[in-house]
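Have a look at the structure below before the remarks.
The values are calculated or read from the model by the stated rules, or taken from the named source; none is laboratory data. Because the structure is predicted, anything quoted here is derived from the model rather than measured. Cβ placement follows ideal geometry from the backbone for every residue including glycine, while neighbour counts extend to all protein chains displayed. When the accessible area is computed, the model is the full protein with side chains, heavy atoms only, and any ligands, DNA or RNA have been set aside. Shrake-Rupley method; radii C 1.70, N 1.55, O 1.52, S 1.80 Å.
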Amino acid sequence: QVQLVESGGGLVQPGGSLRLSCAASGSIFSINAMGWYRQGPGKKRELVAAITSGGSTNYVDSVKGRFTISRDNAKNTVYLQMNSLKPEDTAVYYCNADIRRIWYTSTEAYWGQGTQVTVAS
């Protein structure tokens with residue numbers, strides 16, 4: 001079994017910062033891309049940021065310059081540093097990872113349970 005466990009969400013004022021973490025555990029051979037998605041009230045889930053195993057990153061335009069994604073491959077953990085938060089960043093944030101459980105199998109997508117981020121004064 002594989003689990004993704006997120007932490008770091010909460011309530012923050014506009015302009016504030018939060019750091020999300022997501023640790024993958026279980027039967028893991030390797031992890032390819034990891035990413036963060038979010039789903040705001042009444043909105044579709046969208047990709048916020050992603051990072052490859054080699055460290056290449058991409059971001060949705062609305063968070064560029066404010067959010068930074070990083071990963072620690074030794075810990076199977078991905079982070080999302082969120083600065084200059086805005087009310088429109090309010091959403092449930094989900095961690096995603098493409099994981100290969102056995103060396104000869106293909107990767108599968110796994111999801112965390114989600115963590116609430118609320119930006120309000």
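A few points about this structure:
- Accessible-area composition of the chain, carbon plus sulfur, in percent [1.4 Å probe]: 48
- Rounded to the nearest 5, the antiparallel percentage of DSSP beta bridges internal to the chain is 95%.
- Relative intensity of segment 28-74 on a log10 scale, I(q)/I(0) at q = 0.21, 0.22, 0.30 Å⁻¹, equals -0.75, -0.80, -1.13, per a Debye sum over C-alpha point scatterers of equal strength in the absence of solvent.
- Derived scalar couplings between HN and Hα for segment 10-20 equal x, 9, 9, 7, x, x, x, 10, 9, 10, 8 Hz in order, rounded to whole Hz, by the Karplus curve 6.51 cos²θ - 1.76 cosθ + 1.60 (θ = phi - 60°), x for Gly and Pro.
- Two-site FRET efficiency, Ser84 against Gln1, from Cβ-Cβ distance with R₀ of 35 Å, rounded to 0.05: 0.40
- According to the calculation over all Cα-Cα pairs in the chain, the P(r) per 10 Å bin from zero is 14, 47, 29, 9, 1, 0 %.
- The chain, dipole about Cα centre (Lys/Arg Cβ +1, Asp/Glu Cβ -1), debye to the nearest 20: 40
- Lys/Arg +1, Asp/Glu -1 at C-beta; segment 1-84 dipole; positive extreme among Ala49, Ser62, Ser27: Ser62
- For the chain, relative contact order (Cα pairs under 8 Å, six or more residues apart, normalised by length) works out to 36 percent.
- Per residue, the solvent-accessible area of the chain (1.4 Å probe, heavy atoms of protein chains only, all protein chains present) comes to 53 Å².
- Built amide H within the under 5 Å cut-off of Ser53, gap 5+: Ala33
- Loop trypsin sites (Lys or Arg not before Pro), segment 63-121 (other Cβ atoms within 10 Å of the site Cβ: 14 or fewer; DSSP): Lys64
- Label zone at Ile102, where the point sits 7 Å out along the Cα-to-Cβ direction: segment 25-65 residues whose backbone N lies under 17 Å: 26-31
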